[in-house]
Each structure stands twice: as structure tokens, then as C-alpha cells.
């Protein structure tokens, strides 16, 4: 165990427990590293993902040091994160990632109206008038809605529940983005109005719309718009004012667009 771990765990944890948590943290980080290599081709995005994984590790250790969670609870949480990430790693046709990416229609011509409707309901302004953080809140809620069945945790600790959930939501978004890009390249001859089996790439026009709004290398924004265009998870059917304040605050720390 390196000095970083000893800083948090020395004096508080029995050596046997110390080794158990150490192994759990290593397994979690190893799964995340493999995921980033397999699914995130952009070096800056990959470094950002791995940097945030280390931050989540540090938070787990801090919660143990403070006595908010036991070593056993922390280890179980790490293995749960590891298993959820490995679900995305096992194949490029990841069940979870594809569940987000597949069966999404072309970006709707009325998408701007729908985005404005949700932005006004939440923030009182049209989507284009929102701040970057407010736009991130919209993006997060879209993806969270679709990822919800796969991003739940049994852990009682609120901090770990938030950090773990956001990590998995972001992971699923990256997986979906990778799958979508693969489908785009594979079907790049598809012309406007055509669909890929009702699937990932709606049209060239749809792709161009996403590119203009999100820019290059913005996987979370891109997937959010694809999901919004496909009315994913019934997100636009929800008229509630549900905010995910803690999760959105955590999401902004990832710095993903």
C-alpha cells in the first residue's frame, strides 16, 4: 500500500481490513482504467476520466477516515463500482452502453423547442440562454434518466451514493458515445432521411446539428442531444421540477461537456 493510502488509513484500520480495502480500490481503479483505454479515444477526455476516478477513490478513503462508512461498506461500494464499469468493458456492444445509444431516432426537428421547454421549466430561460453549468444540469438529467436503472447504489452514505452514481452515468455516456461513433463511421454513406435500423445515427443533418451545438470531443453533450432527439427514457414526458443538486454539483467536477 502506498503512502497515499497510509495517510488516510494508518491508525484507523486493522491491517487485514486495510488490505481488503486496498484490493477493492485497486480493482475499481483497474476496471476504470481499462474502460478508459477501450472506450475513450480522446487523450484529454481519457485523462479527465482517470483523474476523476482518482478523486472518487480519495473520497472513499476520506469517508472511511472520517468514520462515515466502515471498511467493509467502502470495499463493497468499490466492488459495486467495479462491476458496473466492467459491464461496459466486457464488449464494445456493451448492454448498458448500447441501451443508451440504440433505437434513438434522428435528432428531432422540434428538438430546440423541447430543450427550451425543459430549460424554461427549470431555469426560466431558453436553453441557449443558460450558463454552462445550467446546460450541464440539463445534459445530466437527460442521461441520468436513461441510465437510471443501471446507476443505482445500495450504499447508505449520501456522498458515496452521489459520487458513485455520477461516475456510472458518465461512464455509460462515454460507452454510448463510443458505440455511436462506431455506428456513424460504419454507416457514413447514409444520406439525410435514412436511419440505421431506427438506430444510432439519424441523418447527416442530425449529426451536423449535434456537432454545431456540442462541438468536437463533447461526448456527454452529444449523447444528451441524441437521447433528447429520441425522447429517451420519457425524459420530456416528465413535467416535474426534480433537481439533482448534489449530483449536478458532482457532475460539474468532471468537467465533461
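Mind telling me which of the residues 142, 196, 179 ends up being in contact with a helix residue (DSSP H, G or I) (Cβ under 7 Å, 6 or more places away or on another chain), modelled with pLDDT under 85 and under 20 Å from residue 252 (Cα atoms)?
On the way: 196 fails: under 20 Å from residue 252 (Cα atoms); 179 fails: under 20 Å from residue 252 (Cα atoms).
When all the criteria are applied, what remains is 142.
Looking at 120, 37, 56, 100, can you tell me which residue is under 24 Å from residue 141 (Cβ atoms), surrounded by fewer than 16 Cβ atoms within 10 Å (Cβ to Cβ) and either modelled with pLDDT of 85 or more or out of contact with any strand residue (DSSP E or B) (no Cβ under 9 Å at 6 or more places or on another chain) (or both)?
Details: 37 fails: under 24 Å from residue 141 (Cβ atoms); 56 fails: surrounded by fewer than 16 Cβ atoms within 10 Å (Cβ to Cβ); 100 fails: surrounded by fewer than 16 Cβ atoms within 10 Å (Cβ to Cβ).
The match here is 120.
I need the full set of residues from region 145-159 which are crowded, with 24+ Cβ neighbours inside 10 Å and under 20 Å from residue 52 (Cα atoms), in order please.
147
Can you tell which of 236, 243, 225, 251 is at pLDDT below 55 and either part of a helix (DSSP H, G or I) or assigned by TED's automatic domain parsing to the domain that holds residue 43 (or both)? Break it down stepwise before answering.
Working: 243 fails: either part of a helix (DSSP H, G or I) or assigned by TED's automatic domain parsing to the domain that holds residue 43 (or both); 225 fails: at pLDDT below 55; 251 fails: at pLDDT below 55.
Unique residue meeting the criteria: 236.
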Residues that are assigned to a helix (DSSP H, G or I) and either surrounded by fewer than 21 Cβ atoms within 10 Å (Cβ to Cβ) or in the same structural domain as residue 161 (by TED's automatic domain parsing) (or both), drawn from region 65-84: 65, 71, 72, 73, 76, 79, 80, 82, 83
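The values are calculated or read from the model by the stated rules, or taken from the named source; none is laboratory data. This structure is a prediction, so every number in the text was calculated from the model and none was measured. When we count neighbours, we look across all protein chains shown, and the Cβ atoms used for this are built from the backbone with ideal geometry, even at glycine.
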